[in-house]
Amino acid sequence: MTSDTYLTGWAHTVFGKSSPETTVEDLMAEVSTAAVADAGLEVGDVDAAFVGVFNSGFSRQSFEAALLGAGRPELARTPASRHENACATGSAALFAAMDFVASGRGRVALVVGAEKMTSVGKEVINDTLLAASYLPLEADAGSFAGIFARLADMYADRYGFPREALGLIAAKNHHNGVANPWAQMRRDLGVEFCSVPSEKNPYTAGRLLRTDCSLVSDGAAAVVVTSEGVARAARRRVRVAGRAQANEPFAISSRPDPLAFDGARRAFKAALTEAGTDLTGLDLIETHDCFTLAELLHYEAFGLAEPGKGGTVIAEGVTQREGRLPVNVSGGLKSKGHPIGATGVSQQVMAALQLTGEAGEMQLPRAERAAVFNMGGSAVANYATVLEAA
């Protein structure tokens, strides 16, 4: 027997390049107790903590579950576990926390996602991120951007390369990010800059420009997950109406159609079904635009467009802030930044802010139901959540 879970508190650092002295311990400390306080609770109310840090070479310091208590000694005796699932690391921690509360094992769970990426050299960053691909078959791509460059080539061969659409997606997300006080790059770059190769916007991998790729970032985000009983006493709350995880084969070449992002489709559809809604019932989506091509493929996987027609969604303005279904009003990973372990948690915070009317300059006129999608690797681990104002 499971019960509903709610988000009742959250906290978020500014994403970007932190000082060399700042550690992942410091980033987690900044948001952990702040989220608990935001929920109107005491640290002693937390039954367990769930920590998401990818690491995989970004830091020599591991055992991040214990590191949470090192940064905040008041949490040192709180049962804690660390979770990892590539770029979906934050969602892995979140889903574990939701399972913990929904099963009745606890009433209050703290979820903290964090990453410190900028303290190592570019070669280490590249190798660490590439390790989220299946190295026996994909290491020769040279970088994780190279993995998506191959997908871009496949798309171009089948449907034609959607250069205009990718430029529109990048420009949309950078435009939206200007209003996000936590975003790493709060600059409206414009469609032309994002569409045309230049000295300041060179090709990064294959057909992908720098503006097609998310940023290397430091940052942390935290949410408090509670039972319905605890949520009733909270000053505000967001209900988790549906959620699902779906996986795909690790190696892209092992999939029947690498462009279908079938795991993303299945997770998204299952979460909507559990929430008792469909695309028409959503007011916004926060999705994992690690690359502009990823957002375009999500349009097709989620059912906004037929395969090969994702470009029409952005061209017609459907996913713009003023469109029928705004996508990445926060600026997405493209503008907000992508500290790996923090991303999945950050997306929940961005959606929760909209649903509680606390999004400031980002706030949409109507926001009652949101979907969040976070993926690890090249759509290998796929997590979808539907949140509702409560």
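Some values worked out for this structure:
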item: Calculated FRET value between Leu279 and Val124, using beta carbons and R₀ = 45 Å, to 0.05; result: 0.65
item: Shape call, the stretch 26-117: gyration tensor on alpha carbons, a/c limit 1.5; result: oblate
item: Linear extension gain, Ala70 paired with Arg321, 0.36 nm per residue minus alpha-carbon span; result: 86.3 nm
item: Gain in span if fully extended, Ser62 to Ala251, counting 0.36 nm per residue against the direct Cα distance; result: 65.3 nm
item: Trypsin sites (Lys or Arg not before Pro) within the stretch 1-86, DSSP loop, no more than 10 other Cβ atoms inside 10 Å; result: Arg60, Arg77
item: For the chain, share of DSSP beta bridges that run antiparallel, in % to the nearest 5; result: 75 percent
item: The chain - mean residue ellipticity at 222 nm from DSSP helices (-39,500 (n - 2.57) per run, n ≥ 4, rounded to 500); result: -11000 deg cm²/dmol
item: Label-point separation in nm, Ser103 to Val14, each point 7 Å along Cα→Cβ; result: 4.0 nm
item: Reachable lysines, given that their alpha-carbon falls under 20 Å from the alpha-carbon of Lys269 and they are not under 8 places away in the same chain; result: Lys309
item: Span from the the stretch 233-271 Cα centroid across to the the stretch 97-119 one, whole angstrom; result: 18 Å
item: Rounded to 10°, Cα long-axis angle of helix 163-177 versus longest principal axis of the chain; result: 30 degrees
item: Cβ-derived FRET efficiency at R0 41 Å, Asp45 paired with Ala260, nearest 0.05; result: 0.40
item: Label zone at Glu21, where the point sits 7 Å out along the Cα-to-Cβ direction: the stretch 51-77 residues whose backbone N lies under 20 Å; result: 60-61, 70-73
item: Average accessible area per residue (Å²) across the stretch 265-390 - probe 1.4 Å, nucleic acids and ligands excluded; result: 28 Å²
item: Inter-part distance where the stretch 49-69 and the stretch 164-229 are each reduced to a Cα centre, Å; result: 26 Å
item: Neighbour-limited loop hits for GluC sites (Glu not before Pro), the stretch 1-93 (at most 10 other Cβ within 10 Å; DSSP other than H, G, I, E, B); result: Glu21
item: Cα-based helix-to-principal-axis angle, 89-102 vs the chain, degrees rounded to 10; result: 40 degrees
item: Residues of the stretch 31-57 with amide N under 11 Å of a point placed 7 Å along Cα→Cβ from Arg235; result: 37-41
item: FRET E, pair Glu368, Glu199, Förster distance 45 Å, beta-carbon r, rounded to 0.05; result: 0.50
item: Loop GluC sites (Glu not before Pro), the stretch 270-370 (other Cβ atoms within 10 Å of the site Cβ: 10 or fewer; DSSP); result: Glu322
item: For Gly242, residues with placed amide H under 5 Å, excluding near neighbours; result: Val386
item: Accessible area per residue, Å², the stretch 105-169 with all protein chains present, probe 1.4 Å; result: 43 Å²
item: Where the stretch 1-63 is the region considered: accessible area per residue in Å², 1.4 Å probe; result: 46 Å²
item: Accessible surface of the stretch 1-153 [probe 1.4 Å, protein heavy atoms]: carbon and sulfur percent; result: 50 percent
item: Hits among aspartates and glutamates - C-alpha to C-alpha of Lys116 under 18 Å, sequence gap 8 or more where chains match; result: Glu21, Glu25, Asp26, Glu30, Glu64, Glu84, Asp127, Asp218
item: Against the rule of thumb 2.2 N^0.38 Å, how large the Cα Rg of the stretch 248-390 comes out; result: 0.98
item: Nearest 10 degrees, 0 to 90: helix 144-159 Cα axis against the chain principal axis; result: 50 degrees
item: Heavy-atom SASA rank of Arg158, Arg369, Arg232, Arg187 (probe 1.4 Å, accessible area, largest first); result: Arg232, Arg187, Arg158, Arg369
item: Spatially proximal lysines relative to Lys122 (Cα-Cα < 22 Å; intrachain offsets below 8 disregarded); result: Lys17, Lys200, Lys334, Lys336
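The values are calculated or read from the model by the stated rules, or taken from the named source; none is laboratory data. None of the values given here were measured: they were computed from a predicted structure. We place every Cβ from the backbone using ideal geometry, glycine too, and count neighbours over all the protein chains shown. Accessible surface areas use protein heavy atoms only, side chains included; no ligands, DNA or RNA. Shrake-Rupley method; radii C 1.70, N 1.55, O 1.52, S 1.80 Å.
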